[in-house]
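As structure tokens, the structure follows; a few thoughts come after it.
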Amino acid sequence: MAALRSLLSVGKNTVPVLLRREFHGTTPATLKVTVRDALNSALDEELERDEKVLLLGEEVAQFDGVYKVSRGLWKKYGDKRVVDTPISEIGFAGMAVGAAMAGLRPICEFMSFNFSMQAADHIINSGAKTYYMSGGMLPIPIVFRGINGASDGVAAQHSQCYAAWYGHCPGLKVVSPWSSEDARGLLKAAVRDENPVIVLENEMLYGVGFELSEEAQSKDFVVPFGKAKIEKQGSHITLVSHSLMVGKCLEAAAVLAKEGIECEVINLRSIRPLDIATIEQSVIKTNHLVTVEGGWPMFGVGAEISAQIMEGPVFNHLDSPVYRVTGADLPVPYAKNLEECSLPQMKDITFVVKKSLCNKL
Amino acid sequence: MLVISTALRSSATKSAARGLAVSRNYADFASEATFETKKCDCFLLETLPPTTAVLTREQGLSYYKTMQTIRRMELKADQLYKQKIIRGFCHLYDGQEACCVGIEAALKHEDHLITSYRDHAFTFTRGVPVKHVLAELTGRRSGCAKGKGGSMHMYTRNFYGGNGIVGAQIPLGAGVAWACKYNGTGGVCVAMHGDGAANQGQIFETYNMAALWKLPCIFICENNRYGMGTSVERAAASTDYYKRGEFIPGLRLDGMDVLCVREATKFAAEYCRAGKGPILLELQTYRFHGHSMSDPGVSYRTREEIQEVKRTSDPISLLKEKMVNSNLASVEELKDIDVAVRKEIEEAAQFATTDAEPPMEDIANHIYYKEPPFEVRGCHPWIKYKSVC
């Protein structure tokens, strides 16, 4: 935790420290930390803990990371552990998988997951499948991380969400943090996992501050995969989401609460493995389910949840069909007015919640 | 499992020939002989591998037996494929034996190797017994990948397959070399590819990074003149594959001469171990079979060409000739080895065709490593498999 503390006291970008108890020399129980700093501290701690861990990617070293997530790490750990790569996604992703095969534990950053498409062959064919094809001889302890999904005005080629594509593949684990606690815990768990893990971060969340409990600040804090978190309890309807959209769901829930509609908001945290059990428990309570994601509708995360809920034991608890709120089924446009309509907004969530509550089966 | 590779590697050092415990007296054979090898074409190199090579009797017998074993193993695979006991893809290596045997003879215990889908021979030279290679081809539980990988996905210690995607093994191999450098093991990684794969973009990305970071990686192009059905002239603007590294030194040599391959690989390994960075070898070789078992191999090349190469450049015949002419072994002795090898392959095939298929309980295992047991969905919601390891 020393890393986080020193980062906060020295950091040139403003990290609001909510509790000023440190003036009196005592440690505050919780700390407000941005997702960026949470990721930074996670990387720092894992690099420190295990010398086999290394970070590679474009601009991660001397530039401190395009989004400053790896700020200070190259200065601290040097060229061997924090490596600037040329712009060669399929090349360096393949080399990272090869290094993992030979016993290193690389964290391979894609400047955005849009660029990971070039490297997808190595993520899936070399990464995800090798342990199986080798009959258990060759595990691949690698992390692929980077920003995913929509940002602000970056247009179609830089706005795609890869949760469904990577979530589709056995042999991978796919996680999608929302809060700082998610970011720290999921990234640390990913580095310690013996398998290929995709960590889908979101650029829009990097600057957002969240409270971190004392436990979440500790060096061995990990968030288990396959366990969703109920961010807000409610009894009328279940909203399931991941990443940036969790925040939108909570905003929608606050607005709906004023109208007497109590939403239960579930933060998936983990795309694969998917915690369907937590969703099922919630549906038994609320009888209504709406999924919210930034990705495209067809064959998406919401589609999978709908199918599993329908096939599973809580189908008869539904009083309405499962509805999905998703990105619009088109490449993301640039113009602000068009872009807004291509991604779920709070009004879309509240609209669908009300539809669900009215459209009884 | 490590017997073959250890034997090949240890016999590369100039040790005195040990007497073989057989009934005949081999005292009147030479213990070693020196041969001339063809000079390599070179690129960005001031020194070259030597043009002479010493072959001890022990080494010669070892290389001969290994190459013959590979030859018979591949021909057996051909037979089993035609009987539909081997399914899917099957890419055979006969004709190219001098490459894998010569390379293995030059490597050390701490070295690594990765290759493409044409991997049965390397799986053997890297230490997997023939019966476990064949059992993997026949999809049985004693296959080296428990029957779950098949022809293109065979692995063992310091051998990373067996890769189905053309060219993918090159960045992977450079990554292994990266780990060698990172861990300071002194090991090198040999990353094999073919003339077809040489046009893959990821190879050039890898050359750049390997050279930039001075990774101890020996890139080897087995140029067998055809990428599937496309001859090198029809696929490549430049067929000087040993120059493709641009800023990486390269050698082009005769891949049908096991000694030439060995000396060049030794040279390359020393280069890498000295911290000079990667190096690229092009081995000119030939495959007697088509690209795979679904390719007769005669629509894009003539039978006459195949026959010509078999007649003049068969690597096993070339070694045999060398050994007999310099009194390192007799024709009869080598015939005895042929007989022993045939018997061994027959037994291995017998094993591979009678061993049981993998148990159904294994279907969902090996998805994740060190994971607590979890359920895996089968073909419909009522089928659930258990993944326990």
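The values are calculated or read from the model by the stated rules, or taken from the named source; none is laboratory data. Everything quoted here is computed from the prediction, not taken from an experiment. No Cβ is skipped: glycine too gets one built from the backbone with ideal geometry, and neighbour counts run over all protein chains shown. Remember, those area values only see protein heavy atoms, side chains included, never the ligands or the DNA or RNA. Shrake-Rupley method; radii C 1.70, N 1.55, O 1.52, S 1.80 Å.
Odds and ends about this structure:
- When the convex hull of its Cα atoms is viewed from all sides, chain A shows a mean projected area of 18.7 nm².
- Rounded to whole Hz, the Karplus (6.51, -1.76, 1.60) HN-Hα couplings of region A:151-156, x for glycine and proline: 10, 10, x, 8, 6, 4
- GluC sites (Glu not before Pro), loop per DSSP, at most 13 other Cβ atoms within 10 Å - longest free stretch of chain B: B:247-389
- Value of relative contact order over chain A, rounded to a whole percent, pairs C-alpha under 8 Å and six or more apart: 14 percent
- Loop trypsin sites (Lys or Arg not before Pro), region A:322-361, which have at most 14 other Cβ atoms in a 10 Å radius of their Cβ (DSSP): A:Lys360
- Cβ crowding within 10 Å averaged over residues, with A:219-230, A:256-267 ranked highest first: A:256-267, A:219-230
- Taking max minus min of the alpha-carbon positions on each principal axis, region B:276-389 gives extents of 67, 43, 35 Å, largest first.
- Among B:Asn163, B:Tyr241, B:Phe204 the positive-end extreme of the charge dipole of region B:144-252 (Cβ point charges): B:Asn163
- Size descriptors for region B:223-335: radius of gyration and Dmax over Cα atoms are 17.1, 49 Å.
- When the convex hull of its Cα atoms is projected in every direction, mean area for the protein assembly as shown (nm²): 36.5 nm²
- Mean separation of Cα contacts under 8 Å (6+ apart) over length of region B:242-329, as relative contact order %: 29 percent
- Using only the C-alpha atoms, the convex hull of region A:298-361 corresponds to 85 Å³ per residue.
- Summary value for chain B: 20 percent relative contact order, contacts being C-alpha pairs under 8 angstrom separated by 6+ residues.
- If you model region B:133-198 as an ellipsoid using its alpha carbon gyration tensor, with each semi-axis the square root of five times an eigenvalue, the axes come out at 25, 16, 7 Å, biggest first.
- 10 Å Cβ neighbours from other chains, averaged over peptide B:154-162: 4
- Per-residue shielding of A:167-177, expressed as the average number of other chain Cβ atoms within 10 Å of the residue Cβ, stands at 1.
- Shape call, region A:27-172: gyration tensor on alpha carbons, a/c limit 1.5: oblate
- Whole-number D in µm²/s for chain B (Stokes-Einstein; Kirkwood sum over Cα pairs; 10 °C, 1.306 mPa s): 73 µm²/s
- The C-alpha radius of gyration of region B:226-271, expressed as a fraction of 2.2 N^0.38 Å, stands at 1.37.
- J(HN,Hα) series, region A:68-78, from Karplus relation 6.51 cos²θ - 1.76 cosθ + 1.60, nearest Hz, glycine and proline x: 6, 5, 9, 3, x, 6, 5, 4, 7, 10, x
- Couplings for region B:359-368, taken from phi via the Karplus curve 6.51 cos²θ - 1.76 cosθ + 1.60 with θ = phi - 60°, read x, 4, 4, 8, 4, 9, 6, 6, 7, 10 Hz in order; Gly and Pro are left as x.
- In loop segments of region A:44-115 as defined by DSSP, the trypsin sites (Lys or Arg not before Pro) with at most 11 further C-beta atoms inside 10 Å of their C-beta are A:Lys80.
- Other protein chain C-beta atoms within 10 Å of residue C-beta, averaged over A:134-147: 5.
- Around A:Glu45: net Lys/Arg minus Asp/Glu count, Cβ-Cβ under 12 Å: +1
- Average accessible area per residue (Å²) across region B:85-209 - probe 1.4 Å, nucleic acids and ligands excluded: 22 Å²
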